[in-house]
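The values are calculated or read from the model by the stated rules, or taken from the named source; none is laboratory data. The shown structure was predicted, so the numbers you read here are calculated from the model rather than taken from an experiment. FYI the Cβ positions are ideal-geometry reconstructions off the backbone, even for glycines, and counts take in every protein chain you see. Calculation scope for accessible area: heavy atoms of the full protein, side chains included, ligands and nucleic acids excluded. Shrake-Rupley method; radii C 1.70, N 1.55, O 1.52, S 1.80 Å.
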Amino acid sequence: MSDKTLYDFENENMDDYELIERKAFRKAVELNDKLIDAKTILEEITYDWDEYIKFLEDERISKYCEFKCQETIDFDEELLNAIAQTLKQSLNNTNKAIAYNSKKIKINRVIDG
């Protein structure tokens, strides 16, 4: 098995390859681009998540501040719960959607044999 990646073939003339090989290559490049985009978005979300938690703590909104026996500001409890529940649900749904392990198992089964 070769150590080459898709990037090694990007500037190569694909005319010598069969139509199905060129098609598989193009589809793999598209999928790879989307995976890279997803990774970038996840990194941005991680940064934004950290910034949001800092904001909550700096503004004394966080339940963690209460846990540390710090005084917190008055904040509508129903709104705070709605924020927390929605973010938790979105985070859980995102984690389920990613499902790296099943994709890795599937790609190994189909391509690696």
**Report entry** Cβ-Cβ under 7 Å pairs, at least 6 apart or on other chains, the range 59-76 side more than 18 Å from Trp49 (Cβ to Cβ), far side of a type in the set (Ser, Thr, Tyr) and surrounded by 14 or more Cβ atoms within 10 Å (Cβ to Cβ)
**Finding:** Arg60/Thr72; Glu66/Thr72
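Give me the helices (runs of 4 or more DSSP H) completely within the chain, filtered to those with at least 3 residues that are open to solvent by less than 90 Å² (accessible area, probe 1.4 Å) and modelled with pLDDT of 85 or more, ordered by residue number.
Values: elements: 6-9, 19-58, 63-67, 77-98, 100-107.
Filter on the chain gives 6-9, 19-58, 77-98.
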